[in-house]
1. Take the eigenvalues of the Cα gyration tensor for the range 111-163, scale each by 5, and report the square roots as semi-axes in whole Å, largest first.
2. Using a 1.4 Å probe, how large is the accessible area of His181, given in Å² and rounded to the nearest 10?
3. Let me cross-check Glu158: its accessible surface, 1.4 Å probe, with only protein heavy atoms counted, in Å² to the nearest 10?
4. What is the range 151-208 by shape, rounded, prolate or oblate, if you read a ≥ b ≥ c off the alpha carbon gyration tensor as root eigenvalues and call it rounded for a/c under 1.5, prolate for a/b larger than b/c, and oblate otherwise?
5. In square angstrom, rounded to the nearest 10, how much accessible surface does Ile189 have for a 1.4 Å probe?
6. In a solvent-free Debye calculation with one equal scatterer on each Cα, what is log10 I(q)/I(0) for the range 70-186 at q = 0.12, 0.14, 0.15, 0.18 Å⁻¹, listed in the order of the q values?
7. How high is the relative contact order of the range 83-217, in percent, counting Cα pairs under 8 Å that sit 6 or more residues apart?
8. Which of Gly192, Leu110, Thr156 sits farthest toward the positive end of the charge dipole of the range 66-215, with +1 on the Cβ of Lys and Arg and -1 on the Cβ of Asp and Glu?
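The values are calculated or read from the model by the stated rules, or taken from the named source; none is laboratory data. Bear in mind that the values here come from a model prediction, so they are computed numbers and not experimental data. Glycine gets a Cβ as well: all are built from the backbone with ideal geometry, and neighbour counts include every protein chain shown. SASA here: full protein model, heavy atoms, side chains in, ligands and nucleic acids out. Shrake-Rupley method; radii C 1.70, N 1.55, O 1.52, S 1.80 Å.
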Amino acid sequence: MADKSHSVSTAGPSDREDLGGTSVSVSARRTTVVAVLVVGATVFAVAIAAVLSGAGASSPEIESSVINEDSPSHRVFFENQRGQTLWVYDVWVADTGPERYQGLSGTESLPADTGLLFVYDQETADRAIVMREMHYPIDVVFIDGSGTVTTVRSATTEPGVPDDELTHYTGRARWILEVPHGTAERHAIVSGTSVRITGPTHAFDSQREIPPERDSI
């Protein structure tokens with residue numbers, strides 16, 4: 001807001017210049033220059049805002065906070081009823097809400113013999129996985145609180161499908177393991193297969209632990 005004490009200018013003889021016979025007020029020239037600067041600054045600000053708006057309009061590619069350059073921290077062993085190892089996956093762990101929501105979304109591939117292990121506090125009957133922004137199919141292995149496979153699902157990509165219309169792959173589970181597509185069948189991982197987990201934070205061996213109580217259905 002301009003100060004009222006400067007709202008009126010009185011131009012003396014030295015405040016005017018004669019240009020080609022035309023008397024021009026110095027104050028008027030100053031006013032014109034200020035106006036040009038203001039318009040220029042406004043145009044610049046609008047241009048910057050448009051650039052920033054355009055940048056925000058295009059969603060950046062999702063980067064997984066779980067699958068990264070660090071080596072997998074855990075291993076998941078699948079064993080048959082005779083205790084023979086069928087296959088072993090080196091896995092990363094998603095054990096927080098944001099990590100489980102992120103999952104493998106936005107990643108381009110899952111390296112051979114690796115996977116992502118979703119860890120929950122307890123077993124429930126209807127754990128669900130969706131293929132949100134997934135670029136490749138996977139196998140989804142549901143594992144209950146006793147360390148036994150309950151269900152194996154083959155999940156395919158669903159490009160362009162709204163989140164609320166994505167297929168829900170469900171099963172009874174305390175852990176869910178996502179592995180490269182087709183490998184569960186290849187290694188005879190089926191319902192009833194035993195699971196052992198090793199690692200620094202979420203180790204589990206059904207031979208050494210008492211299974212947790214199940215949630216009511």
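1. The answer is 22, 14, 10 Å, longest axis first.
2. 90
3. Approximately 40 Å² for this residue.
4. Numbers: a/c = 2.41, a/b = 1.81, b/c = 1.33.
Because a/c hits 1.5 or more and a/b exceeds b/c, the range 151-208 counts as prolate.
5. 10
6. Here the Debye-derived log intensity ratios amount to -0.40, -0.55, -0.63, -0.93.
7. 28
8. Highest projection toward the positive end goes to Gly192.
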